[in-house]
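Participant: Let me begin by handing over the structure; questions about it come next.
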Amino acid sequence: MPTIVRCGLIQCANPINDESVPVAEIQQAMLDKHIPLIEEAARRGVQILCLQEIFNGPYFCPSQDRRWYAAAEPVPGPTTARMAELARAHNMVIIVPVYEEAMRGVYYNTAAVIDADGAYLGKYRKIHIPQTSGFWEKYFFKPGDLGYPVFQTKYAKIGVYICYDRHFPEGARQLGLNGAEIVFNPSATVAGLSQYLWKLEQPAHAVANGYFVGAINRVGTEAPWGIGRFYGSSYFVDPRGNFLAVASEDQDEVVVADLDLDMIDEVRQTWQFYRDRRPDTYGGLTE
């Protein structure tokens, strides 16, 4: 297994901002827009690629419109099957965030992990679900029930933490304890308080847990909701908290960085956070 892994993130804007357009048509437009960006990542030698939160649609949670339930699909399902074809063609791991229908009336905010040979490795379901003005996610998503899985891909052990999850250090630590070398955080977040936190929390997770983080955010604005501007700024950060690559705030972009997994050992042999943990004193966290 290589020690240096080339990873990529895709941030892009929704090309259709007309709520009268059928849900399936909007999803197809987003998928069509992503295909050339995935191909670009392949040409640039990306081995592990992560897409943005619910990549094949708008961020519809500012509404409480049940028509968006039609955007949900099984995982694995048709979108993961299409991504598996691309993964196999390019020998590339792809993290695929979609809206999942687990059964009739039960929906999750989910990311599937496809290995470089096209094999479906499993999925993560977003655990922390916000419910506040402009972010009515509890209307659309049930809290995740699969814990914090780590996936052994062809190139690295990876974990996923979706958007609002990033505000909770407990799950970030659990991903490290479960063996993650790289944690991807696909997001949909707009300018405001979160922009200040965007480059604060996840580098802190990377340092505290001794792993790499790839953080993805979309760009542009999405009518008719008008909750604000998605500010992009997708990035990779290493276990020392250094930024390796940072995207623009307003452009469709493929962000690429080479991650040297040997750094994980170097950092953990200096900062012995796992050795010096005191889980016997943390019981109050779960009471």
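The values are calculated or read from the model by the stated rules, or taken from the named source; none is laboratory data. Since this is a predicted model, take the numbers as computed values, not measurements. Ideal geometry is used to build each Cβ from the backbone, glycine not excepted, and the neighbour counts take in all protein chains shown.
Participant: Within region 18-62, how many residues turn out to be buried (at least 16 other Cβ atoms within 10 Å of the Cβ) and in a loop (DSSP other than H, G, I, E, B)?
Facilitator: Going through region 18-62 one residue at a time, the tally reaches 15.
Participant: Tell me, please, whether a residue that is closer than 21 Å to Asp238 by Cβ, out of contact with any strand residue (DSSP E or B) (no Cβ under 6 Å at 6 or more places or on another chain) and of a type outside the set (A, V, I, L, M, F, W, C) can be found in region 110-117.
Facilitator: no
Participant: Right, another one. At pLDDT 95 or above, touching a strand residue (DSSP E or B) at 6+ places or on another chain (Cβ under 8 Å) and surrounded by fewer than 24 Cβ atoms within 10 Å (Cβ to Cβ), is that true of Gly179?
Facilitator: Taking the combined requirement at face value, the residue satisfies it.
Participant: Could you tell me whether any residue of region 172-190 is of a type in the set (Val, Ile, Thr), part of a strand (DSSP E or B) and either closer than 25 Å to Arg104 by Cα or over 14 Å from the mean Cα position of the chain (by Cα) (or both)?
Facilitator: Yes, the conditions are met somewhere in region 172-190.
Participant: Taking region 270-287 as the search range and keeping residues that are surrounded by 10 or more Cβ atoms within 10 Å (Cβ to Cβ) and not β-branched (Val, Ile, Thr), which one is farthest from Ile216 (Cα to Cα)?
Facilitator: Only one residue fits best here, namely Tyr282.
Participant: Next question. Inspect all residues belonging to region 110-118 and state whether any of them is among the polar types (S, T, N, Q) and closer than 20 Å to Gly77 by Cβ.
Facilitator: Yes, there is a match, as at least one residue in region 110-118 is among the polar types (S, T, N, Q) and closer than 20 Å to Gly77 by Cβ.
Participant: Something else now. Got a number for residues in region 101-123 being touching a Gly at 6+ places or on another chain (Cβ under 7 Å) and hydroxyl-bearing (Ser, Thr, Tyr)?
Facilitator: 1
Participant: Please work out which residue is surrounded by the fewest Cβ atoms within 10 Å (Cβ to Cβ), limiting yourself to region 63-111 and to residues that are of a type in the set (Val, Ile, Thr) and in a helix (DSSP H, G or I).
Facilitator: Among residues in region 63-111 that are of a type in the set (Val, Ile, Thr) and in a helix (DSSP H, G or I), the one surrounded by the fewest Cβ atoms within 10 Å (Cβ to Cβ) is Thr79.
Participant: Which of the numbered conditions does Gly220 fail, given that it passes all the others? Conditions: (1) on the phi < 0 side of the Ramachandran plot; (2) within 20 Å of the chain's Cα centre (by Cα); (3) of a type outside the set (Asp, Glu).
Facilitator: (1)
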